[in-house]
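> Below are the structure tokens for one structure; questions will follow.
Taken together, the values in this text are just the output of simple stated rules run on the coordinates, not laboratory data. Quantities reported herein were computed from a predicted structural model and do not represent experimental measurements. Cβ: placed from backbone, ideal geometry, glycine included. Neighbour counts: every protein chain shown.
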Amino acid sequence: MIDYNKISGHYTQHRQKVHPGILKELLSGSEYQNNSTVLEVGCGTANYIIEIQSLTGSRCWGIDPSEKMLSVARERSKTIDFKNGRGEQLDFSNDFFDFIFSVDVIHHVEGHLEYFQEAFRTLKPGNRICTVTDSEWTLSNRVPLATHFPETVEVELARYPRIHYLTGLMREAGFTDIQDKLVEFSFHMKDIQAFRDRAYSSLHLISEEAFQRGITRLEDELDEKGYIQNISRYTLLWGRKN
């Protein structure tokens with residue numbers, strides 16, 4: 001079990017940037033209107049919900065079970081309402097939100113069906129939910145995480161729910177018009193401190209020997225090329241409440 005209260009400092013330091021492909025799809029697919037109400041489930045230090053409020057002027061909320069993560073989020077934004085909580089029990093009234101989303105969080109949710117049922121209850125009719133997650137393929141082809149720390153693949157496959165399983169639960173909860181889309185962002189990475197600090201949760205779940213081997217691979221490639229290719233891919237899973 002990873003204690004996100006303990007690693008919140010490294011998350012804050014290394015993971016303040018949003019994936020441009022994810023942000024673009026969240027903005028275009030959520031059908032924002034003036035004064036939309038938006039909830040990010042598992043907001044962490046609030047990278048995405050801050051960007052969305054800044055770009056749309058929406059009324060925004062974020063929930064997360066880690067108080068340390070939320071304390072950072074509250075320092076970063078005074079206009080978003082942050083609450084301690086979990087997706088399986090949303091403390092909001094029926095038909096409250098115009099858009100609900102989560103980014104790389106669903107594998108931390110203990111009750112997947114309960115979350116989708118709560119999201120369905122609190123979402124206004126006609127509006128959408130988006131779950132940003134990883135498929136089996138993206139988990140197995142992460143660059144450089146899977147390529148340089150191959151032991152993370154088995155760990156991640158064991159804890160991430162499969163796309164077909166999630167779509168089945170979404171239908172059971174009442175969602176329709178279910179679609180999935182792959183987004184990708186590639187860049188050259190010249191600083192591996194985030195890996196040394198284990199700012200990626202899977203690095204806490206492999207052995208110290210496997211971790212050190214991966215760091216050595218990164219260092220060797222950085223010395224040879226001057227950069228490390230980074231390819232960040234995610235699957236966006238959409239559904240609608242009719």
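> Lysines within cross-link reach of Lys78: Cα-Cα under 17 Å, excluding same-chain residues under 8 positions apart?
Lys68
> Report the chymotrypsin sites (Phe, Trp or Tyr not before Pro) located in the stretch 196-242 that are in a DSSP loop and have at most 14 other Cβ atoms inside 10 Å of their Cβ, or state none.
Here the chymotrypsin sites (Phe, Trp or Tyr not before Pro) that fit, given the DSSP loop and packing criteria, are Tyr227.
> Relative to the longest principal Cα axis of the chain, at what angle does helix 208-225 sit, 0 to 90 degrees, rounded to 10?
Roughly 80 degrees, rounded to the nearest 10.
> Over the chain, calculate the relative contact order: mean separation of alpha carbon pairs under 8 Å at least 6 apart, over the residue count, as a percent.
The normalised contact order for the chain reaches 21 percent.
> Would you work out which of Ser54, His204, Phe185 lies farthest towards the positive end of the dipole of the chain, given +1 charges on the beta-carbon of Lys and Arg and -1 on that of Asp and Glu, about the Cα centre?
Final value for the positive-end residue is Ser54.
> Separate question: With 10 angstrom as the radius, rank Leu203, Leu39 by how many other C-beta atoms surround their C-beta, starting from the fewest.
Ranked by crowding around the Cβ, least crowded first: Leu203, Leu39.
> Another question about this same structure. Using Cα atoms only, what is the angle between the long axis of helix 47-56 and the major principal axis of the chain, expressed in degrees (0 to 90) to the nearest 10?
Rounded to the nearest ten degrees, it is 50.
> Just from its helices, what would the mean residue ellipticity at 222 nm be for the chain, if runs of 4 or more DSSP H residues each count -39500 (n - 2.57) and the sum is divided by every residue, rounded to the nearest 500 deg cm²/dmol?
Per the formula, -12000 deg cm²/dmol.
> I've got another one for you. Report the label-to-label distance for Phe187 and Gln33 in nanometres (one decimal), using points 7 Å from each Cα along the Cα→Cβ vector.
3.5 nm
> Whose amide H sits under 5 Å from the amide H of Phe149, counting only residues 5 or more places off or on another chain, with H placed in the peptide plane?
For Phe149, whose amide H was placed from the backbone, there are no distant partners under 5 Å.
> Once amide H atoms are placed 1.01 Å from N in the peptide plane, what residues at a sequence separation of 5 or more from Leu123, or on another chain, have their amide H within under 5 Å of its amide H?
It is Asp95, Phe96, Phe97, by chain and number.
> Which percent, nearest 5, of DSSP beta bridges in the chain are antiparallel?
50 percent
> Among (i) 35, 20, 16; (ii) 31, 19, 17; (iii) 24, 21, 18, which one is semi-axes √(5λ) of the Cα gyration tensor in Å computed from these coordinates?
Matching entry in (i) 35, 20, 16; (ii) 31, 19, 17; (iii) 24, 21, 18: (ii).
> Using 0.36 nm per residue of separation minus the Cα-Cα distance, give me the extension gain between Glu67 and Asp180 in nm, one decimal. The partial results should precede the final answer.
Details: separation 113, 0.36 × 113 = 40.68 nm, distance 3.15 nm.
Gain in length upon complete extension: 37.5 nm.
> On full extension of the chain, what length is gained from Glu209 through Asp197, given 0.36 nm per residue of separation minus the C-alpha to C-alpha distance?
2.8 nm
> Continuing with this model, one more query. What is the helix-to-structure angle for 20-29, meaning the angle in degrees between its Cα long axis and the longest Cα principal axis of the chain, kept from 0 to 90 and rounded to the nearest 10?
With both axes taken from Cα atoms, the answer is about 10 degrees.
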